[in-house]
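Please read the structure below before turning to the comments.
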Amino acid sequence: MAYAGYLIKVGTYTIPLSIIRAETYSPYKSVTDLDSYVDANGELHRNALEHVAYKIEFETIPLLTDVQFGDLMGNLYAQMSNQLERKAEVTAYIPEINDYITQDMYMPDIKPVLYYADGEKVQYNQIRLAFIGY
């Protein structure tokens, strides 16, 4: 299945393209080895594991308001199977395979940085979000 009009979905919630800075969307798979070694001749012998953990990273557009950020986070938390771990089923577009993967992932710490605040609203610089597969 090729690109289907969205980049990432957490549970049933599709993160709107309008809040993703497209140039920061970076999905990749992390191949893990077990007991790989280099022999006496310097030749690498790899034992790549079949299971692949994916990692999805991107930034939001700058100047999200507190309301927009609150809506995003509320929708994400509503989809988490374990909110303490920030664990959810994530479906994401992976350009390397021109397809989507679905995997249990966790969302690491989020560090919003304020851009502006007054008596009526708060705005944030772009906010980095990531999802890391198990």
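The values are calculated or read from the model by the stated rules, or taken from the named source; none is laboratory data. Everything quoted here is computed from the prediction, not taken from an experiment. We place every Cβ from the backbone using ideal geometry, glycine too, and count neighbours over all the protein chains shown.
Out of all the residues in the stretch 117-130, which are in contact (Cβ under 8 Å) with a residue 40 or more places away in the chain and either exposed (fewer than 12 other Cβ atoms within 10 Å of the Cβ) or not β-branched (Val, Ile, Thr) (or both)? Listed by number, the residues that qualify are Lys121, Gln123, Tyr124, Asn125, Gln126, Arg128, Leu129, Ala130.
Considering only residues in the stretch 93-116 that are acidic (Asp, Glu) and without any contact (Cβ under 8 Å) to a residue 40 or more places away in the chain, the one that is farthest from Gly70 (Cα to Cα) turns out to be Asp104.
Answer yes or no: is there a residue in the stretch 117-124 that is assigned to a strand (DSSP E or B), farther than 15 Å from Tyr13 by Cβ and small (Gly, Ala, Ser). Taking every residue of the stretch 117-124 in turn, at least one turns out to be assigned to a strand (DSSP E or B), farther than 15 Å from Tyr13 by Cβ and small (Gly, Ala, Ser). Screening Thr60, Thr12 for residues that are farther than 16 Å from Pro112 by Cβ, among the polar types (S, T, N, Q) and at pLDDT 95 or above leaves exactly one candidate, Thr12.
Checked against (1) closer than 17 Å to Val52 by Cα; (2) over 11 Å from the mean Cα position of the chain (by Cα), Thr91 meets all criteria but (2).
Of the residues in the stretch 32-48, none is of a type in the set (Asp, Glu), surrounded by 11 or more Cβ atoms within 10 Å (Cβ to Cβ) and touching a residue at least 60 places away in the same chain (Cβ under 8 Å).
Scan the stretch 55-77 and tell me whether some residue there is of a type outside the set (Val, Ile, Thr), more than 30 Å from Ala2 (Cβ to Cβ), surrounded by fewer than 12 Cβ atoms within 10 Å (Cβ to Cβ) and within 14 Å of the chain's Cα centre (by Cα). Within the stretch 55-77 (the criterion being of a type outside the set (Val, Ile, Thr), more than 30 Å from Ala2 (Cβ to Cβ), surrounded by fewer than 12 Cβ atoms within 10 Å (Cβ to Cβ) and within 14 Å of the chain's Cα centre (by Cα)), the answer is no, since none of the residues qualifies. Quick one: Thr60 ticks every box in (1) in contact with a helix residue (DSSP H, G or I) (Cβ under 8 Å, 6 or more places away or on another chain); (2) more than 19 Å from Ser18 (Cβ to Cβ) except a single one, so which number is it? Checking Thr60 against (1) in contact with a helix residue (DSSP H, G or I) (Cβ under 8 Å, 6 or more places away or on another chain); (2) more than 19 Å from Ser18 (Cβ to Cβ), the one that fails is (2). Among the numbered conditions (1) of a type in the set (Phe, Trp, Tyr); (2) out of contact with any Ser or Thr (no Cβ under 9 Å at 6 or more places or on another chain); (3) under 18 Å from Leu17 (Cβ atoms), the only one that Phe69 does not meet is (2). Within the stretch 27-48, the set of residues being within 22 Å of the chain's Cα centre (by Cα) and at pLDDT below 90 comprises Lys29, Ser30, Val31, Thr32.
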